[in-house]
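Down below is the structure, laid out as structure tokens.
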Amino acid sequence: MLMRPNIILHGGAGRWTRAKHVDKAQEVVAKCTEKGMSILRNNGSAVDAVVEAVKCTEDSGYLNAGVGSVLDFMGGRSLDAGVMDGSTGRIGAVAAVTATRNPVVLARIVMEKTDHHLIGGRGADLLAFLNGLPPLPPPPPHVWERYQEAVKKLLEGKPEIYKKITDFLENYDFIRKIIEEALDTGDTVGAVAVDSMGRLAAAVSTGGVIMKFPGRIGDSPIPGAGFYASEYTACSATGIGEKIIECMVCKQLDTYYRETRDIVAAAEKTIEYVDKLVGENTMGFIAVDKNGEVVWAYNTEAMLIGYYEDGEVRTTIKPPRNKR
Ligand code: GLY
């Protein structure tokens, strides 16, 4: 029996107050959601749809993934991504990639061509090179500008380099400011889909949080946290990676779905659980169930999403908090 395919994409939860390219980001999300849907309508698989939709956002340079990835404390980049095929339970993820343009494509290679689930650092970049994936180009000018602004803001009144590093390592207030900075704009991209065969898939990709400690790895390459797919649900998360890992948010959503058989109820219960466990202003997620119903929930000020309604692609930066 052929099912109704569906897809939803996110461009990150956060405040989106200081992002300079909100219109452009929305345009990208619309285009990439359409790309995923056209794959599904042509009987492509859910895995094809989510990987291509996320790759499209990585290529754009306007979202925090792939080409547009934010910079770490030292001005470097390390990218994370993951993909899961709910119909087979197969998983692929990469962490701390520094030289690969499309970490989500690399995550798919890990899933389909290796016996591993997660490959990190130089090994992941080597796998990309061996598979002919394109290298990561230099950051676009707006990414550098944002980094410079963040450095200026965070280091105000702390002129000496040793003092800066000491503060970074020891000063809680400094770390809090970094998290605030990260929340100022959305972070991370992700997509979930169900195809005409009823197969579910989830994908996610990120440059992580701006000004992160070099080498820090968030939730995005961690199955169950940043992404998860089963025969029932597919979920992709965005927000503060450490908090998302503490909640195992995408696995939690699947557990609630198995109890309720209602994706909206499962999303509501999941965000309540998140609020209780790690507090508000921490994260958001998108999900789809095996019947093709999509849902989102978030506890930040905004979350950029792209989805289909009445056959048309729609994007919004402040969707109603819980879809019902
Ligand atoms: N949610 C992306 C990260 O924290 O790295």
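Rule-based calculations on the coordinates, nothing more; no lab input. Keep in mind that this is a model prediction, so the values were computed, not measured. Glycine also receives a Cβ, built like all others from the backbone with ideal geometry; neighbour counts cover every protein chain displayed.
Figures for the structure shown
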read-out	value
Sites THR98 and GLU293 - FRET efficiency at Förster radius 35 Å, r taken between beta-carbons, to 0.05	0.35
Fraction of beta bridges assigned by DSSP in the range 21-127 that are antiparallel (%, nearest 5)	65
Helix 249-260 axis, angle to the chain major axis (alpha carbon atoms, nearest 10°)	30
Distance between modelled label sites at ASP310 and MET197, nm, 7 Å Cα→Cβ extension	3.4
The range 1-155 - percent relative contact order, Cα under 8 Å, separation 6 or more	17
Spin-label pair LYS276/ARG41, simplified geometry with 7 Å Cα→Cβ offset, distance in nm	4.3
Kirkwood Rh and Cα Rg combined as Rg over Rh, evaluated for the range 189-324	0.95
Unsatisfied cross-links (Cα-Cα over 30 Å) in the set LYS35/LYS276; LYS251/LYS318; LYS212/LYS251; LYS113/LYS318	LYS35/LYS276; LYS113/LYS318
Theoretical FRET efficiency, 1/(1+(r/R0)^6), r = Cβ-Cβ of LEU126 and THR88, R0 30 Å, to 0.05	0.70
Nearest-0.05 FRET efficiency for ARG4 and GLU301, computed from C-beta distance (R0 51 Å)	0.95
The range 1-53: Rg to Rh, with Rh as the Kirkwood radius over Cα pairs	1.10
Radius of gyration and maximum dimension Dmax of the range 44-128, Cα, Å	12.5, 41
Cysteines in the chain lacking a second Cys C-beta under 4.7 Å	CYS247
Relative compactness, the chain, computed as alpha-carbon Rg over 2.2 N^0.38 Å	0.92
Relative contact order (percent, whole number), the chain, Cα cutoff 8 Å, 6+ residue spacing	26
Ranked by how many other beta carbons lie within 10 Å on average, peptides 126-132, 23-29 from highest	23-29, 126-132
Reduced Cα scattering model of the range 95-150, Debye log10 I(q)/I(0), q = 0.12, 0.28 Å⁻¹	-0.33, -1.06
Rg ratio (alpha-carbon, reference 2.2 N^0.38 Å) - the range 207-286	1.07
Structure-based [θ]222 nm, the chain - -39500 (n - 2.57) summed over DSSP H runs of at least 4, per residue, nearest 500	-12500 deg cm²/dmol
Burial ranking of peptide ranges 260-270, 85-95 (average Cβ count within 10 Å, highest at the top)	85-95, 260-270
Radius ratio Rg over Rh of the range 1-147, counting only Cα atoms, Kirkwood formula for Rh	0.98
Ranking of SER78, SER236 by count of other Cβ atoms within 10 Å, fewest first	SER78, SER236
D_trans [Stokes-Einstein, Kirkwood Rh over alpha-carbon pairs] for the range 252-312, 10 °C, 1.306 mPa s, µm² s⁻¹	130
